[in-house]
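The values are calculated or read from the model by the stated rules, or taken from the named source; none is laboratory data. Because the structure is predicted, anything quoted here is derived from the model rather than measured. Please note: Cβ atoms are built from the backbone with ideal geometry, for glycine as well, and neighbour counts cover all protein chains shown.
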Amino acid sequence: MELSSVIHWGRSLSEYKAMFSLSNHDLGKKILGCGDGPASFNAELTEQNGHVISVDPIYRFNANQIRARIDEVYSQVVEQVSKNKDDYVWKHIPHVEALGKVRMQAMRLFLADYGVAKESGRYLNASLPTLPFDDGEFEIALCSHYLFLYSEHVNQSQHILSMKELCRIAKEVRVYPLLSLSDNQTSPHLKPVIAELEADGISVDLVEVGYEFQKGATKMLVAKSV
């Protein structure tokens, strides 16, 4: 799949639960969603009395500007997925048209929430590898569809710095997926990142998850401070 830049593409709470194997106990913790973009994860979890903060550089824009950006990239993403249908598992989402509807539903939920909640501090304009939080401020940090996926856009050094930053601010970090978008292969940055984290005394595991849309993306990285 070929994209010219990082694409803002929303996913739902149910997808986050599956991608990151989030239990009800996990969802009761203080959570950071890093690179959430127009996902409805924050909106839905907040509605269920969860405690979550989302960070993304896209949050420097207002709801109307983000809506315009979604409209710009929607056809590009659908076209690319259509051209590369064999790179995906059409099980829970049966076809490309259904994918578009699922993603737009999540993004509409996000936009409705974002328009009224931005001043609450739940959506912060910030980006890796430097985040405006104290050491250990979160119990869990989640990074969905940014690190490792965009291996051609984000270099190895940035991956290492970003992972160390996430491990600084959260007791546990979960990252999904671990495959590069360009070739559906394990990111070349994965092993160097693991080596750097383990050298810092951080425990790292690759854990199977009950979710697969990008073919072969069946594991998440879990990093914990020892």
Residue match in region 106-114 (condition: acidic (Asp, Glu), at pLDDT below 95 and over 14 Å from the mean Cα position of the chain (by Cα)): no
Among the candidates Ile70, Ile58, residue that is in contact with a Pro (Cβ under 7 Å, 6 or more places away or on another chain) and either at pLDDT below 95 or within 20 Å of Val209 (Cα to Cα) (or both): Ile70
Report yes if Gly33 is touching a residue at least 24 places away in the same chain (Cβ under 8 Å) and under 19 Å from Leu99 (Cα atoms), otherwise no. no
So in region 133-165, with the set limited to residues that are of a type in the set (Asp, Glu) and either modelled with pLDDT of 95 or more or on the phi > 0 side of the Ramachandran plot (or both), which one is surrounded by the most Cβ atoms within 10 Å (Cβ to Cβ)? Glu165
Helices (runs of 4 or more DSSP H) (entirely within region 1-80) containing at least 1 residues that are surrounded by fewer than 23 Cβ atoms within 10 Å (Cβ to Cβ) and of a type in the set (Lys, Arg): 13-19
Of the listed residues (Thr130, Thr186), the one being exposed (fewer than 15 other Cβ atoms within 10 Å of the Cβ) and polar (S, T, N, Q) is Thr130
Within region 93-123, count every residue that is over 15 Å from Asn42 (Cα atoms), among the hydrophobic types (A, V, I, L, M, F, W, C) and loosely packed, with under 13 Cβ neighbours inside 10 Å. 1
Within region 157-186, restricting attention to residues that are in a loop (DSSP other than H, G, I, E, B) and touching a residue at least 40 places away in the same chain (Cβ under 8 Å), which residue is farthest from Tyr211 (Cα to Cα)? Ser182
Does region 96-138 hold any residues that are in a loop (DSSP other than H, G, I, E, B) and either more than 18 Å from Gly33 (Cα to Cα) or of a type in the set (Lys, Arg) (or both), and which are they? Arg122
Report the residue count in region 25-41 for those that are within 18 Å of Tyr74 (Cβ to Cβ) and among the small types (Gly, Ala, Ser). 3
